[in-house]
Amino acid sequence: MQVLMQVLNGLQLGSIYALVALGYTMVYGIILLLNFAHGDIIMVGAYISWLVMAQLGMPPVVAMILSVLGCTLLGVLIDKVAYAPLRNAPRLSILITAIGVSYFLENGAQLVFGADAKVVPAFTDVSTIQLGGASLSFAAVATVVVTAVATVVLTLLVQKTKLGKAMRAVSEDMGAARLMGINVNNTISFTFAVGSALAGIGAILYTMAYTQATPTMGMMLGTKAFVAAVLGGIGSIPGAVVGGLLVGFAEVIVTALGLSVWKDAVVFLLLIIVLIVRPTGIFGRTMSEKV
Amino acid sequence: MAMLSVQDLHVSYGAIKAVRGISFEINEGEIVTLIGANGAGKSTTLNTVAGLLKPESGTIEFDGASIAGVQAHKVVQRGLALCPEGRRVFTQMSVAENLEMGGYTRSDAENRETLERVYDHFPRLKERRGQVAGTLSGGEQQMLAMGRALMSRPRLLMLDEPSMGLAPILVEEIFSIIKQLNESGTTVLLVEQNANMALSIADRAYVLETGTIKKTGTGAELLVDDDVRKAYLGG
Ligand SMILES: Nc1ncnc2c1ncn2[C@@H]1O[C@H](COP(=O)(O)OP(=O)(O)O)[C@@H](O)[C@H]1O
Ligand SMILES: [Mg+2]
């Protein structure tokens, strides 16, 4: 029983990391940008949920819709305002801009909402579900199911749809994609929209579990998810999911052993080991293929 | 009226002036070739016409409408396709997916029809339609790049060094396909370092040297021109 609970905890935390890692990986896949502001988009999503439910007194379903929508728009806006003008600039300039956007969002949130944590109300009264005699946390089960569905939908989108194929074409050769008649800027915007929508979903699942919004919550979450994406092989969808689950399970195992102060260190240790053994990550392609 | 008319075109990469005031025309139904040494500005010219690069000055007219500075993804919609130097197929996508990308601006119904024609010209692509493009041989990749460009149903097809790096027998095959395409109604602008082959199938040719046009004439004229023979045909 205890073991089953821990497995579910690992799955839950890992799923959240996986969702966030998917956003990192998609944006990296298409414009080779480590979007450091990605974690902060989740923070904004959490504040939207808090605003809508705790301040405006509106039902949870409205909070969910507005959180996902708000994150999606924010992601696209960040690309248009901050990254698109630098499309032909050296990669370092865009990277530094991403760090700047991240600070801007964190400090902006602190200015608007204050530094103290806001309590995000529960999305549902249901707290457990019964499954074959076991009583499982609803938030955990919902998180795992939503992440699984999102991963399948995303994979189908990228592999099967015209837009998904355009995304892959842009990711491989922007110039050749333009010659095909693909509007590269729109395709990149769409990628940001999808990645940020996943961040919005991640925000809801995260606040279901941890019920708090703080200006800096996106930082650690984002960093862990980034580690997950790199572990799995940045640019790879299955890699992001496997990386997310690995990081989630590593944390839960370390915590269960009573070593919770070490949980962050273990995640980075895992990253170092994987990068030594397999520098491109678990599902990563070698860089020479990408040229 | 010429189908494509380029007048006094200048293109630079920062301080490097790659194309310095060239003018040329292509009439419907022709095969026109631009020949010249490595670095003469041939690819820069094609990339600018296709909209990948912005001209510094000069005019580019296609069917009488200006396309100078029009973005590449819009140029292709007007019926002008570039098969770029180095092929640039999407190596991680299948042959069929590459062709699908070529027809990006066209309807599914149109693409089904064009695909049949492309497979007629390149039966090998049909055999390999499920294969990942990166695993094709150089010749097959060139065929895929050409087929992909044809999927947009261009009236003017620009080919940048289609014979580059190919064995002589494949070069023959590629050139005979270019001729076929032209006979079935596609106007062709061909850039080549393989001047001999290019001149022998071209109606007209322009010789490009350090960003300017040095000579022009019919393919047959330039094949026997002394200067051209010395510089590009090995005597
Ligand atoms: N991306 C670039 N940046 C700077 N200079 C370039 C670039 N591409 C080409 N050039 C320069 O422009 C000139 C013309 O190049 P190009 O058009 O590629 O010639 P060609 O296709 O005839 O070999 C050359 O001097 C080349 O070095
Ligand atoms: Mg060239």
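The values are calculated or read from the model by the stated rules, or taken from the named source; none is laboratory data. Source: prediction; values computed, not measured. Note that we place each Cβ from the backbone using ideal geometry, even for glycine, and neighbour counts take in every protein chain shown.
Being under 18 Å from the mean Cα position of the chain (by Cα) and either surrounded by fewer than 16 Cβ atoms within 10 Å (Cβ to Cβ) or within 11 Å of B:Gly211 (Cα to Cα) (or both) is the filter here; which residues of region B:12-25 pass it? Steps first, answer last, please.
Initially, region B:12-25 is screened for residues under 18 Å from the mean Cα position of the chain (by Cα), giving B:19, B:22-25.
Of everything in region B:12-25, those that are under 18 Å from the mean Cα position of the chain (by Cα) and either surrounded by fewer than 16 Cβ atoms within 10 Å (Cβ to Cβ) or within 11 Å of B:Gly211 (Cα to Cα) (or both) turn out to be B:Val19, B:Ile22, B:Ser23.
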Residues within region B:155-171 that are more than 16 Å from ligand 1 (Cβ to nearest atom), touching a residue at least 12 places away in the same chain (Cβ under 8 Å), closer than 22 Å to B:Asn38 by Cα and away from chain A (no Cβ under 14 Å), tallied: 4
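Suppose the filter is away from ligand 2 (no atom under 16 Å from the Cβ) and in a strand (DSSP E or B); does B:Val32 pass it?
Here the answer is yes, as B:Val32 does meet what is asked.
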Residue under evaluation B:Tyr13, criteria (1) outside the structural domain of B:Val207 (by TED's automatic domain parsing); (2) within 16 Å of ligand 2 (Cβ to nearest atom); (3) without any contact (Cβ under 8 Å) to a residue 40 or more places away in the chain, criterion not met: (1)
Any hit, region B:50-64, residues being within 14 Å of ligand 2 (Cβ to nearest atom), surrounded by 23 or more Cβ atoms within 10 Å (Cβ to Cβ) and within 14 Å of another protein chain (Cβ to nearest Cβ): yes
Region A:175-188, subset without any contact (Cβ under 8 Å) to a residue 60 or more places away in the chain and more than 21 Å from B:Met146 (Cβ to Cβ), residue surrounded by the fewest Cβ atoms within 10 Å (Cβ to Cβ): A:Asn186
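Conditions tested, residue by residue: (1) assigned to a helix (DSSP H, G or I); (2) farther than 25 Å from A:Gly248 by Cβ; (3) at pLDDT 95 or above; (4) out of contact with any strand residue (DSSP E or B) (no Cβ under 9 Å at 6 or more places or on another chain).
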residue	(1), (2), (3), (4)
A:Leu77	yes, yes, yes, yes
A:Ala82	yes, yes, yes, yes
A:Pro85	yes, yes, no, yes
A:Ala89	no, yes, no, yes
A:Asp116	no, yes, no, yes
A:Thr124	no, no, no, yes
Test: B:Lys42 is surrounded by fewer than 20 Cβ atoms within 10 Å (Cβ to Cβ), of a type in the set (D, E, K, R), more than 20 Å from A:Ala169 (Cα to Cα) and within 16 Å of ligand 1 (Cβ to nearest atom): no
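Could you please let me know if B:Ala2 is surrounded by fewer than 22 Cβ atoms within 10 Å (Cβ to Cβ), more than 16 Å from ligand 2 (Cβ to nearest atom) and more than 24 Å from B:Asp203 (Cβ to Cβ)? Outline the logic, then answer.
Numbers: surrounded by fewer than 22 Cβ atoms within 10 Å (Cβ to Cβ): yes; more than 16 Å from ligand 2 (Cβ to nearest atom): yes; more than 24 Å from B:Asp203 (Cβ to Cβ): no.
No; evaluated as a whole, the condition is false for this residue.
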Check on B:Ser5, over 28 Å from B:Glu183 (Cα atoms) and part of a strand (DSSP E or B): no
